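To start, the structure itself, in structure tokens.
What follows draws every value from the coordinates through simple rules; no lab data is involved. Given the structure is predicted, the values throughout are model-derived calculations rather than measurements. When we count neighbours, we look across all protein chains shown, and the Cβ atoms used for this are built from the backbone with ideal geometry, even at glycine.
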Amino acid sequence: MISSADADAVVIGAGFFGCHVALRLRRLGMGRVIVVDREAGLLRRASYVNQARVHNGYHYPRSLGTAVRSRRNFVRFCTDHPFAIADGFEKIYAIARQSHVSPSQFVAFCGEIGAPCRESPSHLRRLFDTDLIESAFLTREVAFDAVALADDLLARLQAAGVELRLGTSARLEAADAAGATVRLGGAAVRARYLFNCTYAALDDVGIRLRNVLKKELTEIALIEPAPVFAHIGVTVMDGPFFSTMPFPARGCHSLSHVRYTPHAAWIDTADALTRTTPHVGAMLRDGARYMPSLARARPLGSLFDIKVVLLSTEQDDARPILFEPSAESARVISILGGKIDNIYDVLDVLEGHDWS
Ligand SMILES: Cc1cc2nc3c(=O)[nH]c(=O)nc-3n(C[C@H](O)[C@H](O)[C@H](O)COP(=O)(O)OP(=O)(O)OC[C@H]3O[C@@H](n4cnc5c(N)ncnc54)[C@H](O)[C@@H]3O)c2cc1C
């Protein structure tokens with residue numbers, strides 16, 4: 001049965017993207033906006049299970065466009081979310097001797113995108129094994145607190161009169177030129193627009209995508225760092241190395257490793273892997289070769305979730321947004337942001353659209 005209480009928009013997914021999309025739609029004049037999530041709260045999936053890095057371009061020497069956009073969005077993100085930013089640490093980008101990027105190339109790249117980068121002082125250089133690490137640079141990068149973001153978004157959604165349906169699964173039933181019928185738990189709701197902001201489930205809510213997604217089951221390890229790097233974050237570039245930095249939501253450090261964070265990858269959902277055993281031991285052992293004090297870190301457990309990237313961006317690590325109206329209806333739109341600060345690219349697209 002179709003509910004008589006039709007909505008202007010239903011947003012599936014109360015992650016960082018779905019919440020912001022809903023707020024922007026209200027600001028753009030939509031009346032009744034419903035956000036639905038199968039979790040019991042906001043930002044419980046990828047928006048929480050990630051490395052909490054506010055990207056500032058450094059990660060993307062192979063995609064200048066992504067690096068430049070990251071730099072611009074970094075400033076916007078920090079300005080808009082001062083309450084959720086942890087910046088009381090020194091962030092080092094270390095270049096391994098077997099890196100795909102040389103120290104001089106990294107410095108030139110930072111110069112090109114205007115990102116701060118200078119030789120690390122000796123007390124920071126001493127943290128590394130110089131047989132394996134060629135150079136270490138002091139940079140500017142911060143971490144975000146996903147719990148603070150969730151608390152802020154909940155208050156803003158309530159103030160904006162957005163309806164929240166938590167603990168409710170959603171699925172597209174039918175779409176046509178005028179909108180979509182969505183099943184929200186036991187009820188069917190008719191909406192003028194449907195936004196699919198489900199990240200790992202983007203191709204699993206009844207909406208056919210033209211873009212191909214690659215998914216990875218990923219592990220972010222949580223560690224209590226040795227006191228010597230309690231106020232330091234490190235990313236070793238560029239190859240099968242690691243990154244550790246503050247994880248503000250838990251008051252500890254996160255640790256990821258290019259080789260050990262991904263447990264499995266698939267394109268066809270039939271190949272999906274959901275259960276696995278943690279790799280934190282391997283991450284710490286390998287990381288300690290480059291940074292010996294990692295051997296004294298205490299594992300606190302691991303977070304697992306599915307990471308999604310557009311298959312077309314695999315080679316250059318680019319992180320463009322996906323904003324894809326479905327083939328069935330231009331009013332059914334799937335949105336994917338490869339990183340948190342991409343929200344500004346999504347909001348810019350929403351602003352430029354006619355939603356009448
Ligand atoms: C391992 C890892 C590390 C990362 N590191 C970083 C980083 O350091 N910095 C950075 O900027 N980005 C990072 N990212 C990317 C970042 O996490 C994502 O870009 C971002 O969180 C996506 O937000 P979202 O709102 O689209 O997804 P999510 O937060 O996953 O929200 C999607 C929501 O949809 C809900 N949902 C799904 N299906 C349904 C359904 N049928 N019905 C109802 N609800 C449904 C889910 O429950 C979920 O809450 C990382 C990602 C991973 C996985």
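Quick notes
- Whole-percent P(r), the range 234-339, all Cα pairs, 10 Å bins from 0: 11, 34, 33, 15, 5, 1.
- Whole-number D in µm²/s for the chain (Stokes-Einstein; Kirkwood sum over Cα pairs; 37 °C, 0.692 mPa s): 154 µm²/s
- When you work out D = kT/(6 pi eta Rh) for the range 291-356 at 10 °C and 1.306 mPa s, using the Kirkwood radius from C-alpha pairs as Rh and the Stokes-Einstein form, the result is 104 µm²/s.
- Ranked packing of 71-81, 215-225, most packed first, by mean Cβ within 10 Å: 215-225, 71-81
- In a reduced charge model with +1 at each Lys and Arg Cβ and -1 at each Asp and Glu Cβ, the range 236-324 shows a dipole moment near 720 debye about its Cα centre.
- Net charge dipole size for the range 1-152 [Lys, Arg +1 and Asp, Glu -1 on Cβ; Debye, nearest 20]: 320 debye
- For the chain, Cys19, Cys78, Cys197, Cys252 have no disulfide-compatible partner, since no other Cys C-beta lies under 4.7 Å from theirs.
- Computed about its Cα centre, the charge dipole of the chain is approximately 360 debye, with only Lys, Arg, Asp and Glu carrying charge at their Cβ.
- Inter-label distance for Arg126 and His100, nm, one decimal - labels placed 7 Å from Cα along Cα-to-Cβ: 3.5 nm
- Using alpha-carbon coordinates, inclination of helix 16-27 to the longest axis of the chain, degrees: 50 degrees
- Chain lengthening between Asp176 and Ser356 when straightened (0.36 nm per residue, less Cα-Cα): 63.2 nm
- Per-selection metrics, the range 1-63 (Cα): Rg and Dmax in Å: 15.9, 53
- Alpha carbon centroid spacing (whole Å) that separates the range 29-47 from the range 291-312: 26 Å
- Along each principal axis, Cα extent of the range 200-252, largest first, Å: 50, 27, 13
- 0 to 90° range, to nearest 10: angle between helix 280-290 axis and the chain longest Cα axis: 40 degrees
- The chain, relative contact order [Cα under 8 Å, separation at least 6], %: 24 percent
- With a cut-off of 11 Å on the backbone N, the residues of the range 179-221 near the modelled label site 7 Å out from Leu273 along Cα-Cβ are 216-219.
- Fraction of alpha-carbon pairs over 18 Å apart in the range 13-159 - percent: 65 percent
- Dipole of the chain [Lys/Arg +1, Asp/Glu -1 at C-beta], most positive-end residue of Ala297, Gln315, Val346: Ala297
- For Ser135, the residues whose amide H sits under 5 Å from its own are Ile95, ignoring neighbours fewer than 5 places away on the same chain, with H placed 1.01 Å from N.
- Residues Asp131, Asp341 arranged by fewest to most Cβ contacts within 10 Å: Asp131, Asp341
- Highest average first, the peptides 84-91, 234-241 ordered by how many other beta carbon atoms sit within 10 Å of their residues are 234-241, 84-91.
- Cα long-axis angle, helix 146-159 against the chain (0 to 90 degrees, to the nearest 10): 20 degrees
- Sorting Ile12, Ile232, Ile92 from the fewest to the most surrounding beta carbons within 10 angstrom yields Ile232, Ile92, Ile12.
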